[in-house]
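One structure is given here, and the rest of the page talks about it.
The values are calculated or read from the model by the stated rules, or taken from the named source; none is laboratory data. Source: prediction; values computed, not measured. Backbone-built Cβ (ideal geometry, glycine too); neighbour counts: all protein chains shown. For accessibility, only protein heavy atoms count, side chains too; no ligands or nucleic acids. Shrake-Rupley method; radii C 1.70, N 1.55, O 1.52, S 1.80 Å.
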Amino acid sequence: MDIQIISLPKIEDRRGNLSVIEGDTIPFDIKRVYYVYDIPSGAERGGHAHKNLQQFLVALSGSFDVILNNGKQKSTVTLNKPNVGLLIKPGIWRELANFSSGAVCLVVASDVYIEEDYIRNLKEFKRFIKIIDK
Ligand code: TYD
């Protein structure tokens, strides 16, 4: 599975901790940052894959599960630390679930928002996987 857990630097201080994502921390140039918050109990997000986009997810607050499927394997990663992120390469179906109360999901992305980059149904995803596996 083309994913990677990446630890971020944590600069500890009596005044609070600080983590940073810069330069070589992640293997792409950052084009966009967005975050999902105020997530109601029981809600799920994601439910799509990307053709080209790379994303790096961090639980800035609270926790949630990222359920991943590359067409061959499934895997679940729990994010619950502001200094640990999950890199997701293209061609991986992801669902975000089990958000704790107050959870904030930061997403750092390799490109701007392009609706055509989304694969939003599983049938299309399976077709896409077959094409890129050839
Ligand atoms: P969506 O990608 O479905 O959210 P998630 O994957 O987190 O469940 O996006 C929800 C809506 O927000 C959709 O109408 C598109 C819009 N949107 C933007 O306008 N810009 C963005 O950068 C993102 C990620 C979404």
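Tell me the mean residue ellipticity at 222 nm calculated for the chain from its helices only (DSSP H runs of n ≥ 4, each -39500 (n - 2.57), averaged over every residue, nearest 500).
Result for the chain, helices only: -3000 deg cm²/dmol.
Taking 7 Å along the Cα-to-C-beta vector as the label spot, tell me the Arg127-Lys51 distance in nanometres, rounded to one decimal.
In this crude label model, Arg127 to Lys51 measures out at 1.2 nm.
Over the stretch 2-69, with every protein chain in place, what whole percent of the accessible area is carbon and sulfur at 1.4 Å, could you tell me?
43
Under a 1.4 Å probe, what is the accessible area of the stretch 3-133 per residue, stated in Å²?
59
Please determine, in degrees from 0 to 90 and to the nearest 10, the orientation of helix 122-133 with respect to the longest principal axis defined by the Cα atoms of the chain, where the helix direction is its Cα long axis.
80
Exposed loop GluC sites (Glu not before Pro) only (DSSP loop, at most 10 other Cβ atoms within 10 Å): please give the longest stretch of the chain free of them, not including the sites.
Result for the longest clean stretch: 23-134.
Give the dimensionless ratio obtained when the Cα radius of gyration of the chain is divided by 2.2 N^0.38 Å.
1.07
For the chain, set up a Gaussian network in which alpha carbons nearer than 10 Å are linked by springs, and say which option among Ile11, Ile39, Ile88 fluctuates the most.
Fluctuation is largest for Ile11.
So how many Lys-Lys pairs in the stretch 3-133 land under 18 Å Cα to Cα, not counting same-chain pairs under 8 apart?
Pairs that pass both the separation and distance tests number 18.
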